[in-house]
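Trainee: Handing you a structure now.
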Amino acid sequence: MASSQNTSDTSSRQYETTEPSLDENIDALLEEEETLITAHRKEIEDTMEIVHEEMKLLAKVDRPGSMIDNYVTQLSFVLSRKAAGLVSLQARLARFQHRLKEQEILSRKRVPR
């Protein structure tokens with residue numbers, strides 16, 4: 001019976017040493033937060049650039065004799081870029097929200113020593 005108790009203690013200790021500490025989890029979360037904020041800033045910059053492209057595109061199509069086919073093709077491309085950027089940022093945000101929830105649950109489960 002003592003042998004099985006030793007095995008159980010050893011497994012438990014191994015689990016404790018491989019589990020990230022609260023500080024490590026918080027550090028990783030803070031790093032992810034910074035990455036999310038940076039990605040958001042970049043998405044805003046990219047969106048502003050795309051809006052300028054859209055304005056130029058509209059100005060071209062408003063000219064007499066403009067080619068509607070070119071407009072449609074370019075607009076489709078611009079809108080795809082815009083959508084892809086938003087989807088990427090939204091996915092990053094969802095991952096971060098999930099990590100926040102995990103961290104909150106872990107924080108509640110940990111008993112002060």
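Trainee: Give the residue, chosen from Lys42, Lys60, that is assigned to a helix (DSSP H, G or I), within 25 Å of Leu93 (Cβ to Cβ) and among the basic types (Lys, Arg).
Mentor: Lys42
Trainee: Looking at Glu49, Glu104, Glu53, which is the one that is in contact with a helix residue (DSSP H, G or I) (Cβ under 6 Å, 6 or more places away or on another chain) and of a type in the set (Asp, Glu)?
Mentor: Among Glu49, Glu104, Glu53, only Glu53 is in contact with a helix residue (DSSP H, G or I) (Cβ under 6 Å, 6 or more places away or on another chain) and of a type in the set (Asp, Glu).
Trainee: Among the residues of segment 82-91, are any in a helix (DSSP H, G or I), farther than 30 Å from Lys109 by Cβ and either at pLDDT below 95 or more than 23 Å from the chain's Cα centre (by Cα) (or both)?
Mentor: Within segment 82-91, not a single residue is in a helix (DSSP H, G or I), farther than 30 Å from Lys109 by Cβ and either at pLDDT below 95 or more than 23 Å from the chain's Cα centre (by Cα) (or both).
The values are calculated or read from the model by the stated rules, or taken from the named source; none is laboratory data. Everything quoted here is computed from the prediction, not taken from an experiment. Note that we place each Cβ from the backbone using ideal geometry, even for glycine, and neighbour counts take in every protein chain shown.
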